[in-house]
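Trainee: Structure incoming, see below.
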Amino acid sequence: MAKNKKKKKGSGYKPPAESPQDIINAIVGVAEKIEATDAPGPLWGELHKTFLKSQVDSAVAAKIIMHKDIDELKQVIAQLLEGSEVELAITEEIDVPELDHETQIEAMRCFRKRVKFMVLDRESKLGVGPLTGGKDASVDSMMAPHDYPMEVWLALAKDGQLVNDGGGFFHVPK
């Protein structure tokens, strides 16, 4: 004979919701740990989780975490402690040289060829091709090829032939 067992409702301890000041204090604490250690790798992940709880814009948090920039982290912490809106200062613009027409054509040809190869590589994977019923491969943006210096890609982005997605990533405008 089977007995009817009722499931107990979870009546465990639930911690109180964190206040914005508690989250700011947690960010400050993790930042102090990052500065104090020689190998702060896992602490950047902890900082990212703490930023997700805060009101800091995800783009600002992602930039700090990706670049592991302690100076920008200090700037954001100062803004949080002041109570002002969190913004990062825009870095100074790089002087972009004027490109001759032939260099523009060759660089764009190189970029489009790399995009084509990247799409072909993605489509060759299992689950993406037309026979598997998968989705089409598409490339949102990619790292600029190292065939030309970064100034060339920035000049093409300034001319409107490419779109700069930041961090060395570009895509062809649609």
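Every number in this text was worked out from the coordinates using simple rules, so none of it is lab data. Small disclaimer: the values here were computed from a predicted structure and weren't measured. Here the Cβ positions follow ideal geometry from the backbone for every residue, glycine too, while neighbour counts run over all protein chains shown.
Trainee: Tabulate in residue order the Karplus-calculated ³J(HN,Hα) for region 160-168, using 6.51 cos²θ - 1.76 cosθ + 1.60 with θ = phi - 60°, rounded to whole Hz; enter x for Gly and Pro.
Mentor: Each residue's phi maps through the Karplus curve to give x, 7, 10, 10, 7, 8, x, x, x Hz.
Trainee: Using 1/(1 + (r/R0)^6) with R0 = 25 angstrom and r between the beta carbons of Glu72 and Ala17, what's the FRET efficiency to the nearest 0.05?
Mentor: Step by step, r from the Cβ atoms, then E = 0.30.
Trainee: Something else now. For Glu35 and Leu81, calculate 0.36 nm times their separation in residues minus their Cα-Cα distance, and state this gained length in nm to one decimal.
Mentor: Length difference between fully extended and current span is 14.7 nm.
Trainee: Okay, moving on. List, in order, the whole-Hz ³J(HN,Hα) value for each residue of region 23-32 obtained from phi through the Karplus relation with A = 6.51, B = -1.76, C = 1.60 and θ = phi - 60°; use x for Gly and Pro.
Mentor: Here the 3J(HN,Hα) series is 5, 4, 5, 5, 4, 4, x, 5, 5, 5 Hz.
Trainee: Can you sort Leu47, Leu81, Leu99 by how many other beta carbons sit within 10 Å, fewest first?
Mentor: Fewest-to-most ranking of Leu47, Leu81, Leu99: Leu81, Leu99, Leu47.
Trainee: Per 0.36 nm of contour for each residue apart, how much would the distance between Ala62 and Ser124 grow if the chain were fully extended, relative to their Cα-Cα spacing?
Mentor: Residue separation times 0.36 nm, minus the Cα-Cα distance, leaves 19.2 nm.
Trainee: Among Trp153, Trp44, what is the fewest-to-most ranking by other Cβ atoms within 10 Å?
Mentor: Trp44, Trp153
Trainee: Evaluate the distance, in nm, between pseudo-label points positioned 7 Å from the Cα of His101 and of Lys113 along their respective Cα→Cβ axes.
Mentor: Taking the two extended label points, one gets 2.2 nm.
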